[in-house]
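The values are calculated or read from the model by the stated rules, or taken from the named source; none is laboratory data. As the structure is a computational prediction, the values presented were derived from the model and not from experiment. Quick reminder, even Gly has a Cβ in these numbers, built from the backbone with ideal geometry, and neighbours come from all protein chains shown.
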Amino acid sequence: MTTVAQHSTNSLNHRLFAVTLFAKAALGVLQLATAAAIFAGAAERLPGLTQWLFRAELAENPNDFLATRAMSLVGVIPTSDMSFYTTYFLAHGGLHIAIVVALLYGAAWAHRAAVFVLWAFVIYQLFEWLTVGGVALLILTAIDLTVIYITVCEQRSSAT
């Protein structure tokens, strides 16, 4: 590969890496906010809030796709012991943000730590998918595998 072609490939990989860092940071913030909302009791209030938001639409059209889908999704949210979900989102979001900050500051260990943490999530998500199922877990796993690949490429290009 010529130097120009290698530089443009590295530049593209770096841009993809930067985009995934931004996405991981945003996801981390969203997960921390979700943990805070669950801790504050949002899961118990969500069915009533959703019904209030869609009441006019459901009165007009009881078969409205978006309204009925939202109501059915809210109906499957467990409201009993939410401590697992609070802990999961807190840990997942905190790890994402910590890794992103370490990568942005150029910590030597950050690339390996990011790959390790992402592999741990991939293994966990695949285990959950095998036991529970769900397309969302497969999508999250595919995203994490893509981010692992991009992170390894970025690590290799920054080492040269």
Original post:
Could you count how many residues in the range 121-157 are under 14 Å from the mean Cα position of the chain (by Cα) and either small (G, A, S) or in a loop (DSSP other than H, G, I, E, B) (or both)?
Top reply: 2
Original post:
When you go through (1) surrounded by 13 or more Cβ atoms within 10 Å (Cβ to Cβ); (2) at pLDDT below 85 one by one for Y124, which number turns out not to apply?
Top reply: (2)
**OP:** Would you mind telling me which numbered condition in (1) over 18 Å from the mean Cα position of the chain (by Cα); (2) surrounded by 12 or more Cβ atoms within 10 Å (Cβ to Cβ); (3) in the same structural domain as F22 (by TED's automatic domain parsing); (4) not charged (D, E, K, R) F89 fails?
**Re:** (1)
**OP:** Select from the range 38-54 the residues that are under 10 Å from M82 (Cβ atoms) and modelled with pLDDT of 80 or more and write down the one among them that is surrounded by the most Cβ atoms within 10 Å (Cβ to Cβ).
**Re:** I38
Original post:
Would the range 103-113 turn up any residue that is modelled with pLDDT of 85 or more, within 16 Å of the chain's Cα centre (by Cα) and assigned to a helix (DSSP H, G or I)?
Top reply: no
Original post:
Is it the case that the range 55-66 has a residue that's outside any loop (DSSP other than H, G, I, E, B), among the aromatic types (F, W, Y) and surrounded by fewer than 17 Cβ atoms within 10 Å (Cβ to Cβ)?
Top reply: yes
